[in-house]
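Asker: Quick one: the structure is below, and I'll ask about it shortly.
Any read-out appearing in this document is the output of simple, stated calculations on the displayed coordinates, not a laboratory observation. Computed from a prediction, not measured in an experiment: that's the story for all the values here. Here the Cβ is made from the backbone with ideal geometry for all residues, glycine too, and neighbour counts use every protein chain on show.
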Amino acid sequence: MATSSVGNRGPGQADMVAQVERMVYQLYQGQDSESRSVADQWLQSLQNSEQAWSLSWTLLQHQEVAVRNFGALMLHNKISKSWSELPREQYEGLRVELFSEIARSSGQGPRLVLIQLCRCLVAFAFATVPDIWPNTVVSMVHSLRDATRSIQDSDFPTSVLQLLTILPEEYERTSEQMVAAKRGAIRRELKNGLPTVLSLLEEVLVSAGSDAVKIDAMKCFSSWVEFGLPLPEVQGFVGQLLQGLVNDELFTQACNTLADIVSKEESLKYVYECNLHTIHS
C-alpha cells in the first residue's frame, strides 16, 4: 500500500538512497551517453514504483541539491500520475507534510527544489478539488503564510509568491489532459481565489521593502494575467507597474508584466487609457 508518511523513512532505505545518489550523479555527470541513458532508465523506473511515495521524502532530506530535486520530482510524479495508489486517509497527512517541507525550503533554498515542491502541492490540490479541499487558493495562502512565518521572518515569504505563480501556470499546462468536469471545477476554484491572490499581490507591491520580492509579485501577476483577469482587477496594478518603471531594479520586470497585460487584446484599450491619465496627471 502506498504511503506518504515520514515515519516510513527507515534505515532500510539507506542502500537505496546511496544508489539514487550514484544514479543522479551518473545522469548529470556521466562521461558517455550510454551510462547516462542507463541512469535515466533506472531513475524513471524508480519514479514509477510504489516505494517512491516514501523514498521521495527521504531524498528531500539529502544534503546534495540534485538528489533533493530528484526527490521532489519523484513526489510530483507520484501525485500527478499515481494518485489512485494513495489511500484517502493519508491525504491530510500528505498535505501537512507538503506545507511543512515548502516552508522549510523557503528558508533554506535552493529555489529549484522549492519550485518542484510547489508543483507537488498544486498537483495535490488539483487531485482533491473541490470535494476534499474546498476554498483551495485561500487555504493555500493562509496555511503557507502561517507555516512559513515561524521559519522565515517576512510578511511576504518567497514560497507563497512562488506557489501562487505556479498555480495558474500548472492549470494552463495540464488542463487539456483533464476531463471537462474536473477542468471546470479547478478553474472555478482559481477564480474564487482571485480576490485573495490580488489582495496579497497589491499588498506586496505597495508595502514590501525588498525589490526582489516585488519582482516576484510582478511575475506572479503575469501568471494570473495569462490565466485571465477581469479588466477592473487590472486597474490598481497598472499604476503600481508604471511606478516600477522609474526604479532601475524593477524596470525590466515591470515592462515585461505590462507587456503581458497589453498582449491580452481586451486589455489594450484600458492600459492605453491608464497611460494617458498617468502622463497628463
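Asker: Would you mind putting 175-185, 250-260, 216-226 in packing order, based on average other-beta-carbon counts within 10 Å, highest first?
Answerer: 216-226, 250-260, 175-185
Asker: While we're on this one: Placing +1 at every Lys and Arg Cβ and -1 at every Asp and Glu Cβ, with all other atoms neutral, what dipole size does the range 170-212 have around its Cα centre, in debye to the nearest 20?
Answerer: 380
Asker: Ok, one more. Note the per residue figure in Å³ for the convex hull of the C-alpha positions in the range 1-82.
Answerer: Value for the range 1-82: 83 Å³ per residue.
Asker: Now for a separate question. Work out, step by step, the length gained on full extension between residue 255 and residue 25: first 0.36 nm times the residue separation, then minus their alpha carbon distance; give nm to one decimal.
Answerer: 78.8 nm
Asker: Also: Express the relative contact order of the chain as a whole percentage, based on alpha carbon pairs under 8 Å and six or more residues apart in sequence.
Answerer: Reported as a whole number, the value is 13 percent.
Asker: Report the one residue of 51, 26, 80 whose Cα lies farthest in the direction of the positive end of the charge dipole of the range 1-82 (charges on C-beta: Lys and Arg +1, Asp and Glu -1; origin at the Cα centre).
Answerer: Towards the positive end, the residue furthest out is 80.
Asker: Compute, for the range 1-143, the length of the dipole vector about the Cα centre, with Cβ point charges of +1 (Lys, Arg) and -1 (Asp, Glu) only. Units Debye, rounded to 20.
Answerer: 320
Asker: I want to verify a result. In a Gaussian network model of the chain, Cα cutoff 10 Å, which of these has the top mean-square fluctuation: 52, 14, 125?
Answerer: Top of the fluctuation ranking is 14.
Asker: Using alpha carbon centroids, what distance separates the range 21-61 and the range 87-116, in Å?
Answerer: Answer, in whole Å: 21.
Asker: Additional query: Within straight cross-link reach of residue 214, meaning Cα distance under 29 Å, which lysines are found once same-chain residues fewer than 8 apart are removed?
Answerer: Excluding near neighbours in sequence, the set is 191, 264, 269.
Asker: Just how large is the dipole of the chain about the Cα centre, in debye to the nearest 20, putting +1 at every Lys and Arg Cβ and -1 at every Asp and Glu Cβ?
Answerer: The dipole magnitude comes to about 440 debye.
Asker: Kindly rank 110-122, 198-210 from highest to lowest mean number of other beta carbons found within 10 Å of each residue.
Answerer: 110-122, 198-210
Asker: If you build a Gaussian network model of the chain, linking Cα atoms that sit under 10 Å apart, which residue out of 93, 71, 107 swings the most?
Answerer: Of 93, 71, 107, the most mobile in the Gaussian network model is 93.
Asker: If the convex hull of the alpha-carbon atoms of the chain is projected onto planes in all directions, what is the mean projected area in square nanometres?
Answerer: The Cα convex hull of the chain, projected and averaged over all directions, gives 16.9 nm².
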